[in-house]
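A.B. asks: Please read through the structure below; I'll follow up with questions.
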Ligand code: AMP
């Protein structure tokens, strides 16, 4: 049972947070007991526990699984219409499309009405923290950009949605002002137009993930003149035909507003869009967007556009469950940790001894269970892979996320999101992780930053079409001045390639140094501006949700590589063999 409180009562919410985080171990045991009591008779658990709900038995007998292991059960429910009790005794009402990996492969995760309540509760706790620490947040409106896709039904009759769509569509009463339109362009246009008309009332601007906000800014760059003209004439463009968009905009754009249009023109006409968010919405105090993990690469770009506003990375959650809240929302984006909320699900952790090899947890090891620790027993400074057991039918399920324990809030651990477990780049025996690559790219960018560049987005793949294979990075650069990208200095770009290599691990350098080199010189392909938006559109057309989109760092799809390759404006190779001694 979740302890109740009036969501408007911040102090009561904070007291509950203090209370549950002071009893994390005990609450976790209760949660496991509740899940087992409720679900012991499911087909899945019966197979291991023979109908018992004993926690010790669970820890001994129930295996650690990943999505592929349980897909067969989910497919029976989703495709064949078999009952939920195969996995859970709560009734599955929806399936959530999870991006799961940054490779864009989808998973279908069960959701129930009760789980909806738990997530609503989590959101109330989050609001409590934000009310407490983000002063002035409620003195104006939140401009939160959301995008939705049409519902899809599985052959078994269940609705298939993303987490954010599920939250929004099931709780329309909570979000009466959201513009719910399935056409991305009409939706973004209308949301921005409403945001512009109410320019002076906006106290914060946000999206779910940081990459989404950059997409919004690009869209704004392409459409601001038309929007300003709509505001001047009091008439919305006639290509906006969606009834929801028309209704929402007509409520606030109902007269000519030439002065407002003039003021928008002045800001947007400035050549550099540095600080555009602060300039367009001058009362904005915060930017809300997840900026940790793979999103950390966008910090420099976001800092450029937000003009020094604090970027608040509020939560760590997923389609599988909501996990943690950032209790220090105003901390630096580089220092964000999430305090796990102990009554959402049962959490376990697989220690990762050698963080340099995330594959060490990828093996199917019968003894994996022996290493598992529970929430109360994780150690500061240790990396773990997260396992989750939910009310909705996931048991010891590998999230594929690597977390680092950074401290405790009362007795509840706080985790920094490190990266996904999957390796991004691999040739021969080298395995380069997302975090390694991100660090190396950030170091190499130090060559270009003094010239006014920042990296808008990047991706990579291992090109093994020739021998030896080599790593290819695609970079989309932007100038702070907003000028077109000039011809790039060959020597500096080659230096960037070498610096990336120099910043990768010893194994990579060793393979590059062998007399018959096993990995060839690293290549950077600079792509023209707008390329990563085209890539995003491609993945969205394949079923990925824009709200949850994360640029794949390991491009596998030939079509996606084609999209990037056809927009390359410069290719550069490392000219130096990396030094193994540094
Ligand atoms: P999805 O199920 O599509 O919402 O994707 C969930 C995944 O997004 C998680 O497993 C993480 O890999 C990633 N994610 C969610 N929240 C965060 C966060 N705060 N920081 C970094 N990555 C996150």
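A.B. asks: Testing residue 406 on (1) within 16 Å of the ligand (Cβ to nearest atom); (2) without any contact (Cβ under 8 Å) to a residue 60 or more places away in the chain; (3) farther than 16 Å from residue 317 by Cβ, one condition comes back false. Which one is that?
C.D. replies: Only one criterion in (1) within 16 Å of the ligand (Cβ to nearest atom); (2) without any contact (Cβ under 8 Å) to a residue 60 or more places away in the chain; (3) farther than 16 Å from residue 317 by Cβ is unmet by residue 406, namely (2).
A.B. asks: Looking at the stretch 136-215, what strands (runs of 3 or more DSSP E) fall wholly within it and have at least 2 residues that are closer than 20 Å to residue 544 by Cβ?
C.D. replies: Because the criterion is at least 2 residues that are closer than 20 Å to residue 544 by Cβ, the strands (runs of 3 or more DSSP E) in the stretch 136-215 that meet it are 159-161, 202-209.
A.B. asks: I would also like to ask the following. Please find, within the stretch 87-117, the residue that is modelled with the lowest pLDDT out of those that are away from the ligand (no atom under 11 Å from the Cβ) and surrounded by fewer than 20 Cβ atoms within 10 Å (Cβ to Cβ).
C.D. replies: Step by step, filter the stretch 87-117, then rank; the result is 103.
A.B. asks: What pairs can you find where one residue is in the stretch 127-138 and on the phi > 0 side of the Ramachandran plot, the other is surrounded by fewer than 17 Cβ atoms within 10 Å (Cβ to Cβ), and their Cβ atoms are less than 9 Å apart, with a gap of 6+ or different chains?
C.D. replies: Pairs found: 136/283.
A.B. asks: While we're looking at this one, here's another question. Report those strands (runs of 3 or more DSSP E) wholly inside the stretch 373-476 carrying at least 2 residues which are within 15 Å of residue 350 (Cβ to Cβ).
C.D. replies: 383-389, 397-409, 412-420
A.B. asks: Hey, among 301, 248, 289, 261, which residue is more than 16 Å from the ligand (Cβ to nearest atom), in contact (Cβ under 8 Å) with a residue 12 or more places away in the chain, touching a helix residue (DSSP H, G or I) at 6+ places or on another chain (Cβ under 8 Å) and under 30 Å from residue 400 (Cα atoms)?
C.D. replies: 301
A.B. asks: Considering only residues of the stretch 330-343 that are farther than 15 Å from residue 128 by Cβ and assigned to a loop (DSSP other than H, G, I, E, B), which is farthest from the ligand (Cβ to nearest atom)?
C.D. replies: Applying the filter and picking the extreme gives 342.
A.B. asks: Please go through (1) at pLDDT 90 or above; (2) in contact with a helix residue (DSSP H, G or I) (Cβ under 9 Å, 6 or more places away or on another chain); (3) closer than 22 Å to residue 498 by Cβ for residue 431 and return the number of the only condition it doesn't satisfy.
C.D. replies: (1)
A.B. asks: Further question on the same structure: Using beta carbons and a limit of 6 Å, which pairs, at least six apart or on different chains, have the first residue in the stretch 486-498 and touching a residue at least 12 places away in the same chain (Cβ under 8 Å) and the second one surrounded by 14 or more Cβ atoms within 10 Å (Cβ to Cβ) and assigned to a helix (DSSP H, G or I)?
C.D. replies: Close Cβ pairs (under 6 Å, with a partner that is surrounded by 14 or more Cβ atoms within 10 Å (Cβ to Cβ) and assigned to a helix (DSSP H, G or I)) amount to 496/444.
A.B. asks: Here is a list: 18, 90, 94, 34. Which entry is touching a residue at least 60 places away in the same chain (Cβ under 8 Å) and part of a loop (DSSP other than H, G, I, E, B)?
C.D. replies: Answer to the selection: 90.
A.B. asks: Being buried (at least 21 other Cβ atoms within 10 Å of the Cβ), outside the structural domain of residue 35 (by the TED database) and more than 13 Å from the ligand (Cβ to nearest atom), is that true of even one residue in the stretch 153-167?
C.D. replies: Yes; the residues of the stretch 153-167 include at least one that is buried (at least 21 other Cβ atoms within 10 Å of the Cβ), outside the structural domain of residue 35 (by the TED database) and more than 13 Å from the ligand (Cβ to nearest atom).
A.B. asks: So, one more: Please verify whether the stretch 75-83 includes one or more residues that are outside any helix (DSSP H, G or I) and within 16 Å of the ligand (Cβ to nearest atom).
C.D. replies: no
A.B. asks: Based on what the data block shows, is residue 196 over 24 Å from the mean Cα position of the chain (by Cα), away from the ligand (no atom under 16 Å from the Cβ) and buried (at least 20 other Cβ atoms within 10 Å of the Cβ)?
C.D. replies: Here the answer is yes, as residue 196 does meet what is asked.
A.B. asks: Please verify whether residue 182 is crowded, with 21+ Cβ neighbours inside 10 Å and more than 19 Å from the chain's Cα centre (by Cα), treating the condition exactly as stated.
C.D. replies: In short, no.
A.B. asks: Of (1) more than 28 Å from residue 118 (Cβ to Cβ); (2) more than 10 Å from the ligand (Cβ to nearest atom); (3) buried (at least 20 other Cβ atoms within 10 Å of the Cβ), residue 312 satisfies all except one. Which?
C.D. replies: Residue 312 satisfies all of (1) more than 28 Å from residue 118 (Cβ to Cβ); (2) more than 10 Å from the ligand (Cβ to nearest atom); (3) buried (at least 20 other Cβ atoms within 10 Å of the Cβ) except (1).
The values are calculated or read from the model by the stated rules, or taken from the named source; none is laboratory data. Values in this document were obtained by computation on a predicted structure and should not be read as measured data. Using ideal geometry, Cβ is built from the backbone for each residue, glycine included, and neighbour counts are taken over all protein chains shown.
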